[in-house]
Amino acid sequence: MLHKYDARNYHHIDINFGPDPEGDLKLMATENPGDPATWKWTSADRLFLDLVDSLHRRGIRVIMDYSWNHTGVLFWAWQDLVKNQEKSPYRDWYEIVRFDDPGTPENEFEYKGWLNIMSLPELKKVDVPVARVSGHPYEGNIAEGPKKHILEVTRRWLAPDGDTAKGIDGFRLDVADQIPMGFWREYRTYVKAIKPEAYLTGEIWWEKWPDEMMNPAPYCSGDVFDAVMFYQIYRPARSFFAQPDEPIDATAFVDSLNFQWNRLAEPFRYSQMNVNATHDSPRLLTCFANKGKYKFHNSPYDAPRNISGKPDEEVYARVRLYLVHQFTNIGAPSIWAGDEMGMWGGDDPDPRKPLWWPEFKFDPETRTNIQPGPKEYDQVGFNNDHFKFVKQLIRLRKDNPVLVDGKIEFLVADGPVLVYRRYTDKAQMVMVFNVSTTPHEVEIPEGKWQNLLDGKTINGGKVSLEGLSALVLKPGN
Ligand SMILES: [Ca+2]
């Protein structure tokens with residue numbers, strides 16, 4: 001499978017994404033990859049920097065996704081190490097158990113791959129004072145050689161040819177909990193010295209899959225990241241909006257949100273990367289369609305009854321309610337590429353399928369055809385209604401900054417009904433949700449309101465809410 005986390009090098013864009021892969025290879029052959037003074041810009045690199053420039057001109061900022069924990073086996077330093085063993089200048093870059101003894105016919109070479117995946121050799125960790133406990137932060141650092149290289153690569157993308165205006169705007173940092181905190185603190189200082197507003201978000205996930213998630217607090221206290229991928233806040237939202245087999249009511253949902261936020265100093269609640277689906281989890285629609293535990297046997301390969309294809313109408317309605325919540329909640333809403341197109345898909349590798357670009361037509365997609373019995377098919381393609389809905393929510397958040405920086409107050413948490421207010425000194429908005437399929441009465445603040453989802457005016461006081469409906473209320477005239 002092509003996951004692209006098996007980097008051949010860190011300092012170039014994959015040649016296959018550029019216009020001249022062969023020319024790029026020739027250019028790269030003239031470099032010493034260990035010496036940044038010799039690095040050149042390939043056609044793929046230039047195309048990427050052009051893209052960054054185009055996005056910047058449209059007010060869009062760009063962060064790159066890097067794993068500083070491991071490389072691929074075609075990585076230049078690893079190749080040198082495999083060939084030259086103890087004589088390699090990169091002998092201290094990786095977690096080597098033992099080198100080959102040239103005096104014996106057999107190859108004694110042994111190393112550690114990330115999660116024992118031997119195609120992903122791990123960069124060497126040093127100064128680790130106590131044994132690492134999985135799912136918890138740990139002290140230590142990355143060995144000098146690879147660390148220096150990582151920092152040079154980081155500078156290259158943040159400030160290409162020394163110009164931060166042309167560079168990217170931050171990093172999403174893969175498997176951040178596998179990398180020692182000493183490295184991250186140094187990394188933050190280094191990054192912020194180059195570009196103080198650069199955004200750093202770390203992948204922090206399971207303390208103990210599938211029930212306990214990591215505490216983001218050690219990573220969000222000012223000296224490490226600006227945010228984590230806040231799966232912690234998505235899981236309770238799914239339990240409330242999707243009403244799965246183990247549902248929660250509005251009171252429990254509010255408790256969960258407060259529990260997560262209370263772990264963080266207030267500014268960090270606003271900078272969190274509020275993910276729902278990612279390349280490592282089922283797509284949002286599919287995550288709502290399946291009613292079992294979050295991220296637990298969520299692919300048809302290990303759960304044959306899992307719904308991997310087009311979900312039913314109720315699922316769409318529930319996902320829309322959740323999206324209204326996500327875009328009116330504290331924290332930065334994150335949509336996994338393709339979810340805005342209405343894509344569905346089970347757990348990894350299914351969320352990594354090619355995107356449903358509107359200009360493409362697709363053959364019907366086979367559904368759970370790994371199971372015995374009659375085969376089923378779904379018609380796949382760009383979902384314009386879903387796309388327009390997500391676009392409307394993005395617009396709504398951009399037009400109403402109170403949704404970005406306003407405080408939150410929960411007004412009603414009553415069974416399936418949730419009402420909260422976002423407010424500043426100058427503005428306020430009220431969001432109302434009914435996650436049951438039947439109508440419910442709810443009390444909203446007095447005054448005249450406009451529902452930004454449909455433009456209609458509503459008077460405050462008791463209102464009747466349709467089943468599976470939401471209101472996004474702004475004071476009206
Ligand atoms: Ca040998």
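The values are calculated or read from the model by the stated rules, or taken from the named source; none is laboratory data. Please read all numbers here as calculations on a predicted model, not as lab measurements. Don't worry about glycine lacking a Cβ; one is built from the backbone with ideal geometry, like all the others, and counts go over all protein chains shown. Please note that ligands, DNA and RNA were not included when accessible areas were found on the heavy atoms of the full protein model with its side chains. Shrake-Rupley method; radii C 1.70, N 1.55, O 1.52, S 1.80 Å.
With the structure loaded, tell me whether Pro137 is open to solvent by less than 80 Å² (accessible area, probe 1.4 Å) and part of a loop (DSSP other than H, G, I, E, B) or whether it fails that test.
Yes: the conditions hold for Pro137.
Does Ile168 satisfy the criteria of being part of a loop (DSSP other than H, G, I, E, B), open to solvent by less than 20 Å² (accessible area, probe 1.4 Å) and either within 16 Å of the ligand (Cβ to nearest atom) or closer than 30 Å to Lys40 by Cβ (or both)?
When the stated conditions are applied, Ile168 passes them.
Going through Tyr316, Tyr301, Tyr322 one at a time, which residue ends up being of a type in the set (Phe, Trp, Tyr), assigned to a helix (DSSP H, G or I) and closer than 28 Å to Asp65 by Cα?
Going through Tyr316, Tyr301, Tyr322 in turn, just one is of a type in the set (Phe, Trp, Tyr), assigned to a helix (DSSP H, G or I) and closer than 28 Å to Asp65 by Cα: Tyr322.
Report yes if Gly331 is touching a strand residue (DSSP E or B) at 6+ places or on another chain (Cβ under 6 Å) and at negative phi, otherwise no.
The answer is no for Gly331.
Are any residues in segment 104-126 among the charged types (D, E, K, R), open to solvent by 40 Å² or more (accessible area, probe 1.4 Å) and away from the ligand (no atom under 11 Å from the Cβ), and if so, which ones?
Within segment 104-126, Glu110, Lys112, Lys124 meet the criteria.
Restricting attention to segment 76-103, report how many residues are within 12 Å of the ligand (Cβ to nearest atom), surrounded by 17 or more Cβ atoms within 10 Å (Cβ to Cβ) and farther than 24 Å from Pro36 by Cα.
Residues that pass the stated criteria total 1.
Return the residues of segment 152-165 that are part of a helix (DSSP H, G or I), farther than 23 Å from Met229 by Cβ and open to solvent by less than 30 Å² (accessible area, probe 1.4 Å); say none if nothing qualifies.
Within segment 152-165, Arg156, Pro160 qualify.
Looking at segment 301-319 only, could you name the residues that are in contact with a helix residue (DSSP H, G or I) (Cβ under 6 Å, 6 or more places away or on another chain) and open to solvent by 20 Å² or more (accessible area, probe 1.4 Å)?
Correct list: Ile307 only.
Inside segment 193-238, can you point out the residues that are among the β-branched types (Val, Ile, Thr) and buried (at least 23 other Cβ atoms within 10 Å of the Cβ)?
Of everything in segment 193-238, those that are among the β-branched types (Val, Ile, Thr) and buried (at least 23 other Cβ atoms within 10 Å of the Cβ) turn out to be Thr201, Ile204, Val228, Ile233.
Would segment 348-358 turn up any residue that is surrounded by fewer than 20 Cβ atoms within 10 Å (Cβ to Cβ), more than 19 Å from the chain's Cα centre (by Cα) and farther than 26 Å from Arg172 by Cα?
yes
Assigned by TED's automatic domain parsing to the domain that holds Ala470, surrounded by 20 or more Cβ atoms within 10 Å (Cβ to Cβ) and in contact (Cβ under 8 Å) with a residue 12 or more places away in the chain, is that true of Leu418?
yes
Check off (1) without any contact (Cβ under 8 Å) to a residue 24 or more places away in the chain; (2) open to solvent by 40 Å² or more (accessible area, probe 1.4 Å) for Arg8 and give me the number that stays unchecked.
Tallying (1) without any contact (Cβ under 8 Å) to a residue 24 or more places away in the chain; (2) open to solvent by 40 Å² or more (accessible area, probe 1.4 Å), Arg8 fails exactly one: (1).
Does Pro146 qualify as being outside any loop (DSSP other than H, G, I, E, B), within 19 Å of Asp80 (Cα to Cα) and either in contact (Cβ under 8 Å) with a residue 60 or more places away in the chain or within 16 Å of the ligand (Cβ to nearest atom) (or both)?
yes
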